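What follows is one structure encoded as structure tokens, with my remarks underneath.
The values are calculated or read from the model by the stated rules, or taken from the named source; none is laboratory data. What you see is a predicted model, and the numbers here were worked out from it, not measured in a lab. Methodologically, a virtual Cβ is constructed for each residue, glycine included, from the backbone with ideal geometry; neighbour enumeration extends over all protein chains shown.
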Amino acid sequence: MLCSSIHNSYQNKTFEPLCLRGIPFWKLLNFSLKYTYNQSHKKEIHFFEKEIDIFPKKRYPTETNKLTVQLARPAMKKVTVISLFLILIVSIVSAQTVEEYLTKGNEAFEAFDNVAALKAYKAAVALDSSNCEALWKTARAHIDVGENAEEDIQKLNYYSAEKVSRKAVAVCPDNDMAHLELAVSVGRVALMEGGKKKVELSREVKSEALKALELNPNNDIAHHVLARWNREVSNLSWVLKKFAKVLYGGLPEASNEKAVEHFSKAAEIDPSFLNHHLELGITYENMKEWAKAKECYDKVIEQPATDSDDGDHKAEAKKRLEKVAKKLD
């Protein structure tokens, strides 16, 4: 098929044996382009003959090293069309490959294989660094890998997640998942920072989670992040709050009531996600609302696992339930 297209394009039978001999088309095309450029000022010339080395001398007899190829200048337009067509095909194949890597990453994510998911998503980003989905999913995978890693590997993945998620927000500022992953990654990085940097990152966690909810009010994980932020900040000791206020201008307003509101909304949107119920129970426990805490822990224990960390969530709920049960006696 390829040989036929070359033969028809140039309307010259001398190309047919070259194809039969297995000569790469790009060599002929490259030669034609270069020669036509150099001879473009000689308008009176319509055809020319040129001796070119086609075969490697070490692999073929000497008499086959030189071939006379007659090339037609008018064929340049057709060559250009063919070149553009080949470029278009390469672009289409690349786009399909990005989708294939995203599919592989999604399958690995569903199977809780975080390392394989990260590898696939990074491959997609390598092919298309402006692909929003590939970027935010790469950030998410870095966070997932970091959660169960040693300290050095964890730090590397959390900072990588922050870097990639910032690029995702820059590429697609109207995507709620890009802002969500930035909120999550910044929160992880904040755990490794201290002083003023920690306070600044804490503010950014809240602002990015709010932005994600502004773009998509039904993003349950964004509600979860904002709820967790409210609970952690509201339960800081007064000494730490005073310290932050004096040195860094204080922290944004937060409360356990806001935490309950957002955890409840997250659980309403996706009741199968056990961590929503667990964290809501912990919040009620901090507020000394033991009966409501027990109800949440019961749900975690009774519902089926749907996440790779649900085994740990169930164990945590069982442990806390024993403590709450004593408070209710």
**Study point:** Of all residues making up segment 287-313, the number that are part of a helix (DSSP H, G or I) and either hydroxyl-bearing (Ser, Thr, Tyr) or in contact with a helix residue (DSSP H, G or I) (Cβ under 6 Å, 6 or more places away or on another chain) (or both)
**Key:** 11
Point to revise | Considering residues of segment 189-213 that are of a type in the set (Lys, Arg) and closer than 14 Å to residue 230 by Cα only, the residue modelled with the lowest pLDDT | key: 203
**Study point:** Of all residues making up segment 169-184, the number that are more than 18 Å from residue 141 (Cα to Cα) and either part of a helix (DSSP H, G or I) or touching a helix residue (DSSP H, G or I) at 6+ places or on another chain (Cβ under 6 Å) (or both)
**Key:** 3
Practice item. Please work out if residue 289 is of a type outside the set (Ser, Thr, Tyr), within 20 Å of residue 144 (Cα to Cα), crowded, with 16+ Cβ neighbours inside 10 Å and modelled with pLDDT of 95 or more. Key: no
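Yes or no, residue by residue, for (1) within 27 Å of residue 312 (Cβ to Cβ); (2) over 11 Å from the mean Cα position of the chain (by Cα):
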| position | (1), (2) |
| --- | --- |
| 140 | yes, no |
| 145 | yes, yes |
| 153 | yes, yes |
| 160 | yes, yes |
| 163 | no, yes |
| 168 | no, no |
| 177 | yes, no |
| 183 | yes, yes |
**Study point:** Unique residue being touching an Asp or Glu at 6+ places or on another chain (Cβ under 6 Å) and surrounded by 17 or more Cβ atoms within 10 Å (Cβ to Cβ) when the list is 157, 219
**Key:** 219
Practice item. Any residue in segment 208-236 that's within 16 Å of residue 274 (Cα to Cα): show its pairings with residues that are among the basic types (Lys, Arg) at Cβ separation under 7 Å, as long as the two are six or more apart or on different chains. Key: 223/265
Point to revise | Residue identified as of a type in the set (Phe, Trp, Tyr), crowded, with 16+ Cβ neighbours inside 10 Å and under 22 Å from residue 118 (Cβ atoms) among 229, 136 | key: 136
Review point. Residue 92 versus (1) surrounded by fewer than 18 Cβ atoms within 10 Å (Cβ to Cβ); (2) at pLDDT 95 or above: which is the lone unmet condition?
Key: (2)
Practice item. Using the structure shown, decide if residue 207 is hydroxyl-bearing (Ser, Thr, Tyr), buried (at least 18 other Cβ atoms within 10 Å of the Cβ), under 24 Å from residue 233 (Cβ atoms) and over 19 Å from the mean Cα position of the chain (by Cα). Key: no
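Being within 14 Å of residue 296 (Cβ to Cβ) and surrounded by 12 or more Cβ atoms within 10 Å (Cβ to Cβ) is the filter here, so list the residues in segment 309-326 that pass it.
313, 314, 316, 317, 318, 320, 321, 323, 324, 325
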